[in-house]
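**Q** One structure coming up, written as structure tokens, with questions to follow.
The values are calculated or read from the model by the stated rules, or taken from the named source; none is laboratory data. No experiment lies behind these values; they were computed from the predicted model shown. So basically every Cβ, Gly included, is an ideal-geometry build from the backbone, and we count neighbours across all protein chains shown.
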Amino acid sequence: MQTSKPPWTGCGASKEITGCRFTLSVMADDYVDQILGAIGRVNTENVWSHTDALSTTYRGRRIHVVDAARAVFVHSNDRKTHITMEATFSKGCPGDMDADSYLAHDDTLSNPRQAGFDVRSKIAFYPLGVADYMEHIAHVANMAVKRGLYQNASHYASELAGDVNVLFDYFNDVLAYAEAHIDHYVLQATLSVNSPTKQ
């Protein structure tokens, strides 16, 4: 009897590729213009970028992927419309590949940092394939506490709030910690700005 191989057989990235797939949701009639306008304003010279019917993906070195994700969320904010971003950061998946990526030669960021604004967020961190995963999750939560971002624990997520630039710096540092300690991991983040719901 012939057994079929898993679809990821023969895959695996040898390069240091971090990926982010995100979806912007704009609660306004002109949402298409706002979403595409924000994506178009991002300088993606340091990442591989692709937008499809559902979301946009950035792939490259961690610091540049986070920089591009930060820029698109900042550019989407018109300071009045309720906007959310669902973002999945990942590295080390055994089904990944070296293709569809760009690794910049240095850490010089291509998107100037803009003025900040307050953001609410929830995150879930998934260290995969390690027995001590709860220790890594606790470490990531404590990183948020030390930065004054942590609000409370919720079912299946940690709730955060703070300045958008501080929050994305935190995401970058979480991913840097994960790079140093875990082969395969996922950081799932939801961001919300200008929500009519205050609590």
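**Q** Given the options Y150, Y185, name the one that is closer than 19 Å to G19 by Cβ, surrounded by 15 or more Cβ atoms within 10 Å (Cβ to Cβ), at pLDDT 95 or above and among the hydroxyl-bearing types (S, T, Y). Show your work before the answer.
**A** Working: Y150 fails: closer than 19 Å to G19 by Cβ.
Only one candidate passes the filter, namely Y185.
**Q** Still on this structure: Out of segment 74-104, which residues are modelled with pLDDT of 95 or more, of a type in the set (A, V, I, L, M, F, W, C) and either touching a strand residue (DSSP E or B) at 6+ places or on another chain (Cβ under 9 Å) or in a loop (DSSP other than H, G, I, E, B) (or both)?
**A** Within segment 74-104, I83, M85, A87, F89 meet the criteria.
**Q** Now, a different point. Restricting the search to segment 25-73, which residues are among the β-branched types (V, I, T), in a helix (DSSP H, G or I) and crowded, with 22+ Cβ neighbours inside 10 Å? Quick ask: steps written out before the conclusion?
**A** Here is the first cut: in segment 25-73, the ones among the β-branched types (V, I, T) are 26, 32, 35, 39, 42, 44, 47, 51, 56-57, 63, 65-66, 72.
Then drop every residue that is not in a helix (DSSP H, G or I), which leaves 32, 35, 39, 63, 65-66, 72.
Within segment 25-73, V65, V66, V72 qualify.
**Q** If you don't mind, there's one more thing I want to ask. How do the strands (runs of 3 or more DSSP E) wholly within segment 106-185 filter down when requiring 2 or more residues that are touching a residue at least 40 places away in the same chain (Cβ under 8 Å) and within 18 Å of the chain's Cα centre (by Cα): which remain? Walk me through it before giving the result.
**A** On the way: elements: 118-128, 150-154, 157-163.
Here the list reads 118-128, 157-163.
**Q** Looking at (1) at positive phi; (2) modelled with pLDDT of 95 or more, which is the only condition T57 fails?
**A** Single failed check for T57: (1).
**Q** Sticking with this one: Which of the residues that make up segment 45-66 are small (G, A, S) and in contact (Cβ under 8 Å) with a residue 12 or more places away in the chain?
**A** Kept after step one, since they are small (G, A, S), are these residues of segment 45-66: 49, 53, 55, 60.
Selection gives S49, S55, G60.
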